[in-house]
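What follows draws every value from the coordinates through simple rules; no lab data is involved. Computed from a predicted model, the values in this text were never measured in an experiment. Neighbour counts are summed over all protein chains in view; Cβ atoms, including those assigned to glycine, are modelled from backbone coordinates with ideal geometry.
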């Protein structure tokens, strides 16, 4: 995975996330994130060579929105690339921006992801984009109780439910330290038993409290060449590597046949080529795309290549807390904020902020040298980004 040159993240901007941002239109909301990213990077739009823009167009049903959004992005007269890859859109935007700078084509690229879900219908968009016969098992959209059922079968109902609820409450406690997060519920540990029983059921043991919501919001990230990054930023977050893995509609995970999930496959490949043999010890923070607390709990094992019940123990022993041995989602994660076209980008941006030491109220204690972020979407589509505090060896 040799690169023509290294790429550093020098600015991250985010709007406030909410279920309804009725006081702004789409360009105005995007402008909030863009201004913050440019200010953090110490540049203006005159310094930007290219805009990479993306969202899930079929949710708001505004096609080619990047044309309208020029009012908020300032992209008029500049090169612009529009990207949509489902739930992974935000991470794909980051990958594309990295390639554009690493190639030498541009020195400074701004990636912008957004969603204004109050103006559309997510389930309507998801369930109508797939063939009703061949893809009928996708017709629930993002709602599935399969993971909850599998974890309960493997570890027993009481332990599984308690671990999932502890994960959920911990993510809320993180979100409470993030002033821009959407769902900041102020949950306390003694509410767990009540929530496990009384929260409205969605599918099986997947309940409302476990699941991410839909949010309005935008994220912008500034990517720069090594020369520009060092000139403009005291501590860039360097992009060490990234990988995208997907199964598309050929996958089948509903039977008894063993299936190597894309999360685990991506982690194995990424870690293998970057000398990471013990991710729990070598990675300092992980911003995971966790659509529900059941998935977040289960996916710890996939991403960190764990065995048995190690992932449950990480939650039970508070290892994933913001001040724990292996902080997961100090921002509150996807369960806290989910503007789908930006969601996976927020993971990259939050990982970068941790390395830069600019995460504010949810900055993890200690020195963050290596950060991992994940994106998820579609029919099992995984994107991982590995960021470092130290600039990678040139050409690698």
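General remarks:
- The angle separating the long axis of helix 146-155 from the principal Cα axis of greatest extent in the chain is about 60 degrees.
- FRET efficiency, residue 2 to residue 309 (Cβ-Cβ, R0 30 Å, nearest 0.05): 0.15
- Cα-based helix-to-principal-axis angle, 89-102 vs the chain, degrees rounded to 10: 30
- Inter-site label distance for residue 280 and residue 227 at 7 Å from Cα along Cβ, in nm: 4.6
- On the basis of the beta-carbon distance and an R0 of 45 Å, residue 20 and residue 391 show a calculated FRET efficiency of 0.60.
- Springs join every pair of Cα atoms under 10 Å in this Gaussian network model of the chain, and among 376, 114, 326 the largest mean-square fluctuation is at 326.
- Residue of 144, 382, 89 that the Gaussian network model of the chain assigns the largest fluctuation, springs spanning Cα pairs under 10 Å: 144
- Note on the chain: with a GNM built from Cα contacts shorter than 10 Å, the maximum mean-square fluctuation among 320, 276, 243 falls on 276.
- FRET efficiency estimate (nearest 0.05) - Cβ-Cβ, residue 367 to residue 44, R0 30 angstrom: 0.40
- Euclidean distance between Cα centres, the range 53-68 to the range 73-116, Å: 14
- One decimal place: the segment residue 103-residue 235 gains 45.3 nm when fully extended, by the rule 0.36 nm per residue minus the C-alpha distance.
- The structure-derived value of semi-axes √(5λ) of the Cα gyration tensor in Å appears in the list (1) 31, 24, 20; (2) 38, 32, 18; (3) 28, 24, 22 under the label (1).
- Extending 7 Å from the Cα toward the beta-carbon at both residue 317 and residue 119 defines two label points whose distance is 4.8 nm.
- C-alpha long axis of helix 262-272 to longest principal axis of the chain, angle in °: 60
- Note on residue 268 and residue 64: their simple-model spin labels are 4.4 nm apart, each label 7 Å out from Cα toward Cβ.
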